[in-house]
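First up is the structure itself, then whatever we jot down about it.
The values are calculated or read from the model by the stated rules, or taken from the named source; none is laboratory data. Source: prediction; values computed, not measured. Heads up, the Cβs are rebuilt from the backbone with ideal geometry, glycines too, and the neighbour counts pull from every protein chain shown.
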Amino acid sequence: MSLFNTILGAIDNPNLQANTGQLGDILNTVQQLSQSYNSNPEAIQSAVSVASKYVRSSLQQQREEGGEQQAQTLIEQFSGTQPSAQAVLALFSQPQIQAMVEEVERRTGLSASTIQAMLPSLVPLILKFLQTGSATNNASGSNPVLNQFLDTDGDGDVDFMDAMQMASRYLNP
């Protein structure tokens, strides 16, 4: 099942947080980032895609070290549509941040300073996207969106940007 299908399932599940308003907020914030940084939407989408790969790696490590709840706690604590430098620092070491900035720079042509300025917005957004699978009302349980994102079957196929693009089409038919 694709990440987007998992999100659609979460929207249909009243026990999970996912809703169309939440997806709309995420997509609107990505669009605002494009405008704020005078960048084309494709560059921002590529930046989100690269950043999501690093978030995935970090959350996998968190899950390996402290279980699924540790990864879920980071999502709950740092997800949002507002910038948070703390989210970046909670997930990444300085060498990881530098590697991410360099990869985004290579893929997008955005300057390193622009990428550095953007990361505190991108990371919480990615976490917000993952939060769609969180249980409502502080109920415990597995986060199917997080599990799909972390690619529990290990095939390496994490289609984060595809999922965001499909969400955009789903919300704006």
Failed criterion for R107 (all others in (1) touching a residue at least 40 places away in the same chain (Cβ under 8 Å); (2) loosely packed, with under 14 Cβ neighbours inside 10 Å; (3) under 19 Å from P144 (Cβ atoms); (4) of a type outside the set (G, A, S) hold): (3)
Single condition M100 does not satisfy, out of (1) surrounded by fewer than 23 Cβ atoms within 10 Å (Cβ to Cβ); (2) over 27 Å from L16 (Cα atoms); (3) touching a Leu at 6+ places or on another chain (Cβ under 8 Å): (1)
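Out of region 94-103, which residues are among the hydrophobic types (A, V, I, L, M, F, W, C) and more than 12 Å from V123 (Cβ to Cβ)?
Correct list: A99, V101.
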Counted residues, region 59-82 - those being surrounded by 13 or more Cβ atoms within 10 Å (Cβ to Cβ) and farther than 19 Å from S142 by Cβ: 3
Positions within region 52-76 being touching a residue at least 40 places away in the same chain (Cβ under 8 Å) and among the hydroxyl-bearing types (S, T, Y), in sequence order: S52, Y54
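Condition (residue is part of a helix (DSSP H, G or I), under 27 Å from Q70 (Cβ atoms) and not basic (K, R)) applied to region 132-143: is it met by at least one residue?
Initially, region 132-143 is screened for residues part of a helix (DSSP H, G or I), giving none.
Within region 132-143, none of the residues are part of a helix (DSSP H, G or I), under 27 Å from Q70 (Cβ atoms) and not basic (K, R).
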Residues that are within 14 Å of S49 (Cα to Cα) and without any contact (Cβ under 8 Å) to a residue 12 or more places away in the chain, drawn from region 110-147: none
Among (1) within 28 Å of L16 (Cα to Cα); (2) of a type in the set (A, V, I, L, M); (3) crowded, with 19+ Cβ neighbours inside 10 Å, the one test that A90 misses: (3)
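Give the residues of region 107-131 that are part of a helix (DSSP H, G or I) and either among the polar types (S, T, N, Q) or farther than 22 Å from Q82 by Cα (or both), sorted by residue number. Please lay out each step first, then the result.
We begin by selecting, within region 107-131, every residue part of a helix (DSSP H, G or I); these are 107-108, 112-131.
Passing the criteria: R107, T108, S113, T114, Q116, S121, Q131.
Take A139 and decide whether it is over 13 Å from S2 (Cα atoms), hydrophobic (A, V, I, L, M, F, W, C), at pLDDT 90 or above and surrounded by fewer than 21 Cβ atoms within 10 Å (Cβ to Cβ). Full working, then the answer.
Numbers: over 13 Å from S2 (Cα atoms): yes; hydrophobic (A, V, I, L, M, F, W, C): yes; at pLDDT 90 or above: no; surrounded by fewer than 21 Cβ atoms within 10 Å (Cβ to Cβ): yes.
So A139 does not fit the description; no.
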